[in-house]
Amino acid sequence: MPTNLPPEAKAKWLKFTEARTLEEKIAALEEFISSVPKHKGTENLMYWATRRLSQLKEELEEQKKKKGGGSGPKFYIEKSGAAQVVLIGPPLSGKTMIFSKLIGIPYEGIGIPYSTRLPKPGMLKFEDIYFQLIDTPSIPFGSNERISWYNRTIGLARNSDMVLIVLDSISSPEGLAKIIIKEFEENGIFLRKPRGKVELLRESRGGINVVVNGKIIDGSIEDVKKMLKEYRIEHAIVKIWGEVSIDDIESQLLGNRIYRPAIFLVNKIDLADVKKLRDKMAEIEKISPVLYVSAKTSEGLNDIGRKIFESLEIIRVYTKQPNSDVAERPLILKKGATVKDVAEAVHSKMLRGFRYAKIYGKSVNYPGEKVGLDHKLEDGDVVEIYSKG
Ligand SMILES: Nc1nc2c(ncn2[C@@H]2O[C@H](COP(=O)(O)OP(=O)(O)OP(=O)(O)O)[C@@H](O)[C@H]2O)c(=O)[nH]1
Ligand SMILES: [Mg+2]
């Protein structure tokens, strides 16, 4: 949080991040909001906090509806598949048509704005895995129009693993893309990949340990410790990769800034000159990948699955028991995952009794090479773990 808050407000904020249920979160956030002094320096934060508060209230409403017999329509959709990916965009940009083509159902739209009223899930096959796609009600980005589902649609993006932003190629996609990036940021969702990563684990003892696998660009380890102490955090492990600022670490602690990988889909290229579009979108391409597609002719749609897979930075790893077949369905792990992550995912016993693993695939020099727990895996690897007991 780039704001110098009084300690009381900081403590209240921390209480909010620790709240478990929606009711607790709402109460804690309300308390926080009333403890923040109102001035220019806290304006952005207050904007963010009040928006978040109304989102949480809407989520609570939703939850109550479901509990009351499940009669009301559902807005939040449970995750399934390798990742949850939401299609978001202004009215008539072609979300529903892209969604329908990608999951293989007939398009039943009628070409009037806001014809999609509720989110709808479907599965997109990519090679041997599936992504869950969600079509959503449109958001009038860049206009003053008000819609009642704004917070809930943004909430879908927040709860997802990635967003596909659908733009119409003939309504200045470059200008709208910038507006959308900014509007997401105002909601605490960053579509630009951060230069570094911070992980913060609260502990019950051991003091504060900062592990830097990169660099803190505007401070020292002592500054990190001091910042945590201001939040009355005495014990924690802070892991840093790449380049991060003290602000980034604070945001991680406060959970008020999240990163969601995004792909911009510039749709309806059957109506536009793609070369000109590419020039216009050059600046956006520095932030997120851009694909040029036509839901109508299906041009470019086939590239979406792979791009999603790459943007998520995941790998598929296939486990194998000694003397038996390779598992049909892969484990989905983060890029950079090791044999240890596989052992943990399979069974805690595997990890405790681990002796070695044999790997078949890109990460080794020859098929069946023996490796230890720290061995870094690649997409497509087969992992055969040998353990005691
Ligand atoms: N020419 C052309 N028209 C398209 C394309 N994709 C969608 N459309 C048309 O654009 C209109 C809107 O498409 P939808 O997919 O319903 O758009 P949406 O973003 O879901 O819109 P709402 O949910 O109604 O706000 C429809 O009339 C489609 O036929 C495309 O690639 N090319
Ligand atoms: Mg639609």
Discussion item. Just the residues that are more than 16 Å from ligand 1 (Cβ to nearest atom) and either part of a loop (DSSP other than H, G, I, E, B) or free of Cβ contacts under 8 Å to residues at least 40 places away in the same chain (or both), please, taken from the range 157-171.
Written reply: Ser160, Asp161
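Which residue is surrounded by the most Cβ atoms within 10 Å (Cβ to Cβ), if the candidates are limited to the range 193-209 and must be of a type in the set (A, V, I, L, M, F, W, C) and under 25 Å from the mean Cα position of the chain (by Cα)?
The qualifying residue surrounded by the most Cβ atoms within 10 Å (Cβ to Cβ) is Val198.
Conditions (1) in contact (Cβ under 8 Å) with a residue 60 or more places away in the chain; (2) surrounded by fewer than 21 Cβ atoms within 10 Å (Cβ to Cβ); (3) within 19 Å of the chain's Cα centre (by Cα), marked per residue:
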site	(1), (2), (3)
Glu234	no, yes, no
Asn256	yes, yes, yes
Leu265	yes, no, yes
Asp303	no, yes, no
Arg306	yes, yes, yes
Leu312	yes, yes, yes
Worksheet item: From the set of residues in the range 71-93 that are touching a Leu at 6+ places or on another chain (Cβ under 6 Å) and within 12 Å of Leu133 (Cα to Cα), which is nearest to ligand 1 (Cβ to nearest atom)?
Response: Leu87
Worksheet item: Do we find a residue being at pLDDT 90 or above and in contact with a helix residue (DSSP H, G or I) (Cβ under 7 Å, 6 or more places away or on another chain) anywhere in the range 106-114?
Response: yes
Worksheet item: Among the candidates Leu228, Leu176, Leu200, which residue alone is assigned to a helix (DSSP H, G or I) and within 24 Å of Gln55 (Cβ to Cβ)?
Response: Leu176
Discussion item. Any residue in the range 364-380 that is on the phi > 0 side of the Ramachandran plot sitting within a Cβ distance under 8 Å of a residue that is part of a loop (DSSP other than H, G, I, E, B)? List the pairs, counting only those 6 or more apart or interchain.
Written reply: Gly380/Gly361; Gly380/Lys362
Item to complete: Please enumerate the residues belonging to the range 126-156 that are within 16 Å of ligand 2 (Cβ to nearest atom), over 16 Å from Ile179 (Cα atoms) and either among the acidic types (Asp, Glu) or part of a helix (DSSP H, G or I) (or both).
Response: Asp135, Arg152, Thr153, Leu156
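Check the range 79-90 and report whether any residue there is within 16 Å of ligand 2 (Cβ to nearest atom), out of contact with any helix residue (DSSP H, G or I) (no Cβ under 8 Å at 6 or more places or on another chain) and without any contact (Cβ under 8 Å) to a residue 60 or more places away in the chain. Walk me through it before giving the result.
We begin by selecting, within the range 79-90, every residue within 16 Å of ligand 2 (Cβ to nearest atom); these are 85-90.
Next, from what is left, pick out any that are out of contact with any helix residue (DSSP H, G or I) (no Cβ under 8 Å at 6 or more places or on another chain): none.
The answer is no; no qualifying residue exists.
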Item to complete: Could you run through the range 94-114 and say how many residues are out of contact with any Asp or Glu (no Cβ under 9 Å at 6 or more places or on another chain) and near ligand 1 (Cβ under 8 Å from one of its atoms)?
Response: 8
Worksheet item: Among the residues of the range 98-142, how many are surrounded by 14 or more Cβ atoms within 10 Å (Cβ to Cβ), hydrophobic (A, V, I, L, M, F, W, C) and in contact (Cβ under 8 Å) with a residue 40 or more places away in the chain?
Response: 11
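The values are calculated or read from the model by the stated rules, or taken from the named source; none is laboratory data. As the structure is a computational prediction, the values presented were derived from the model and not from experiment. With ideal geometry, Cβ positions are generated from the backbone for all residues, glycine too; neighbour counts draw on all protein chains shown.
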